[in-house]
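The structure under discussion appears below in the form of structure tokens.
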Amino acid sequence: MRCAAVLIALALASPAGAQPPVLLKPDRVFDGTEAAPHAGWVVLVDGKTTAAGKIDAAKILAVGPPDQVTVPKDARVVELPGTTLLPGLIDAHSHLLLHPYDEVPWDEQVLKEPLAERICRAAVHAKANLLSGFTTLRDLGTEGAGFADVGVKAAVEKGVIPGPRLLVTTRAIVATGSYAPRGFAPEWKLPQGAEEADGTTLRGVVRAQVLAGADWIKVYADTPHGPGGKVRPAFTLDELKLIVATAKDAGTLVCAHATSKEGMTRAALAGVATIEHGTDGDIEVFRLMANRGVALCPTLAADEAMARYAGWKRGTAEPPRLRSKRAAMKAAVEAGVTIVNGSDVGVFAHGDAARELELLVEYGLTPARALRAATGDAARVLQLDATLGAVRPGRLADLIAVEGDPTADVGALRRVRFVMKGGTVYKAP
Ligand SMILES: [Zn+2]
């Protein structure tokens with residue numbers, strides 16, 4: 001009887017599972033689209049609802065100086081002294097189904113780790129990314145783990161595991177014989193880290209991936225293949241155009257892995273939305289990208305990690321690949337290409353994705369611009385800007401607070417004190 005009375009009281013206080021609004025009080029707010037933070041601003045967030053199908057869906061109600069934000073009497077106040085509040089970070093190039101290659105080489109992950117192990121790892125990786133401030137990931141390929149990303153995304157959306165919002169690409173597409181694992185006896189047909197397709201069969205593969213749940217289509221426009229293992233174009237321009245056209249009809253966009261000038265040029269001409277890596281791009285191809293509105297995910301942190309795995313140490317002379325990357329970034333910025341934060345996390349440790357933002361600053365962006373590459377600019381390029389990427393009324397309440405001011409010192413992103421996704425608090429001081 002006593003229990004029943006308590007339940008009735010709770011029901012009266014919180015009709016339909018709704019909770020009171022939350023007032024967040026950091027030292028300052030960086031809104032995700034501007035150059036400087038606003039000192040003393042507060043943010044009012046709608047109470048989260050526990051109704052079915054409404055996980056992480058609470059929105060921002062108001063933002064501004066305290067005297068301009070009307071706070072309901074029952075609002076719960078969260079004090080965040082010493083912090084900057086900003087939109088939850090977006091990483092547009094992740095691999096939840098991979099872990100660092102210095103732990104287990106890529107070939108062994110793809111060929112020897114059971115699918116169930118890889119999915120369990122992905123769940124752990126999802127949580128690590130969320131708690132380090134990344135509330136949205138575009139996951140660019142399961143690397144041999146089939147359609148596992150679709151299920152991981154569903155588990156996050158249903159509240160089964162904590163994780164970022166996910167845009168998934170499923171298997172990704174490679175030209176026959178252009179990807180990996182490679183280098184085995186020719187009589188063996190090994191499973192590949194992505195789906196092989198060529199010519200007109202590309203249509204069916206794009207459609208099957210969309211049917212399986214792909215939000216984006218990923219294609220490898222160039223890879224090391226052929227004599228000497230040089231990076232060469234993998235698809236013809238017509239093949240890339242066919243992929244883009246088929247994806248577009250299905251309401252999805254295409255991103256292209258491309259490191260060579262020719263691969264990048266074909267991808268840009270074919271109409272992809274983003275190019276991944278761009279390591280050997282020059283001013284000419286970056287101007288083409290800028291003119292066609294193709295954004296770049298530089299994946300600086302992955303290149304740095306690969307150099308480390310090959311024996312390079314920070315502070316010593318950089319290997320050619322990193323020098324090339326620096327030149328490419330300089331040219332991309334000069335050409336006016338939109339830079340989107342995309343780290344290739346998975347190549348290096350999940351939870352460490354802020355490394356990309358540190359490197360964006362080291363490679364020449366201001367901290368505020370690097371932050372926009374992971375918030376407002378990323379949301380716009382990923383076509384999520386109606387709901388994410390800014391601290392504005394009506395957007396989803398994906399908000400993080402970091403100790404210090406990341407627009408002055410990007411290293412503040414290493415001190416994440418508060419993580420909210422759609423009104424649900426995943427980390428609090
Ligand atoms: Zn990648």
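Any read-out appearing in this document is the output of simple, stated calculations on the displayed coordinates, not a laboratory observation. None of the values given here were measured: they were computed from a predicted structure. Because the Cβ atoms are built from the backbone with ideal geometry, glycine has one as well, and the counts that use them run over all protein chains shown.
Between Thr366 and Arg203, the simple label model (points 7 Å from Cα in the Cβ direction) yields a spacing of 4.9 nm.
Legend: Rg and Dmax of the chain, from Cα coordinates, 22.3, 80 Å. Close amide H pairs (under 5 Å, H built 1.01 Å from N) link Gly342 with Ala92, Thr299, residues at least 5 positions away or on another chain. The alpha carbons of the range 296-358 occupy a box of 33, 27, 15 Å along the principal axes, longest dimension given first.
Bridges between two residues of the range 89-381, per DSSP, are antiparallel at a rate of about 10%. Sorted on the mean count of surrounding Cβ atoms within 10 Å across their residues, most packed first, peptides 205-217, 412-424, 126-138 read 126-138, 412-424, 205-217. Computed over neighbours whose Cβ is under 10 Å from that of Leu166, the net charge equals -1, Lys and Arg +1, Asp and Glu -1.
Each of His257, His95 was scored by other Cβ atoms within 10 Å of its Cβ. Listed from fewest to most, they are His95, His257.
Normalised by the number of residues in the chain, the mean separation of alpha-carbon contacts (under 8 Å, six or more apart) gives a relative contact order of 20 percent.
Springs join every pair of Cα atoms under 10 Å in this Gaussian network model of the chain, and among Gly177, Gly193, Gly342 the largest mean-square fluctuation is at Gly177. Exposure proxy shown here: for His99, His350, the number of other Cβ atoms within 10 Å sets the order, fewest to most, as His99, His350.
Calculated on C-alpha atoms, the gyration radius of the range 62-212 divided by its Kirkwood radius gives an Rg/Rh of 1.13. Karplus-derived 3J(HN,Hα) values for the range 290-306, using 6.51 cos²θ - 1.76 cosθ + 1.60 with θ = phi - 60°, are 4, 5, 9, x, 8, 8, 10, 9, x, 6, 4, 5, 5, 4, 4, 5, 4 Hz; glycine and proline are entered as x.
Taking amide H positions as modeled 1.01 Å from N, with prolines and chain starts lacking one, the residues under 5 Å from Gly422 and 5 or more places away or on another chain are Ala397, Asp398, Leu399. Among Thr274, Thr201, Thr265, the ranking by other beta carbons within 10 Å of each residue's beta carbon, starting with the fewest, stands as Thr201, Thr265, Thr274. Extension gain, Gln383 to Val425: 0.36 nm times the residue separation minus the Cα-Cα distance gives 12.6 nm.
Expressed as a fraction of 2.2 N^0.38 Å, the C-alpha radius of gyration for the range 26-149 is 1.42.
Distance between the modelled labels on Ala18 and Val160, one decimal in nanometres: 3.1 nm (7 Å Cα→Cβ projection). Oblate is the label for the range 333-429, because the ratio a/c of its alpha-carbon gyration tensor axes (a ≥ b ≥ c) is 1.5 or higher and a/b is not greater than b/c.
Binning the C-alpha pair distances of the range 93-169 at 5 Å intervals from 0 yields a P(r) profile of 3, 17, 30, 27, 15, 7, 1 %, listed from the shortest bin outward.
Taking the square roots of five times each eigenvalue of the Cα gyration tensor of the range 66-128, the equivalent ellipsoid has semi-axes of 43, 13, 10 Å, listed largest first. Only helices enter this figure: runs of n ≥ 4 DSSP H residues, each worth -39500 (n - 2.57), summed and divided by the residues of the chain, yield -9500 deg cm²/dmol at 222 nm to the nearest 500.
Cross-link partners of Lys25 among aspartates and glutamates, defined as those whose alpha carbon lies under 14 angstrom from its own and excluding same-chain residues fewer than eight positions apart: Asp67, Glu79, Glu403. Applying the Kirkwood pairwise sum to the alpha-carbon positions of the range 237-375 produces a hydrodynamic radius of 15.3 angstrom.
Computed over the range 216-294, the convex hull of the alpha-carbon atoms projects to a mean area of 4.8 nm². Pairs from the list Lys158/Lys325; Lys261/Lys313; Lys230/Lys330; Lys330/Lys427; Lys48/Lys127 with a Cα-Cα gap above 31 Å: Lys158/Lys325; Lys330/Lys427.
Across the range 260-318, Cα pairs under 8 Å and at least six residues apart give a relative contact order of 32 percent. For the range 174-315, the gyration tensor built on C-alpha atoms gives an oblate shape. Its axis ratio a/c (a ≥ b ≥ c) is at least 1.5, and a/b is not larger than b/c.
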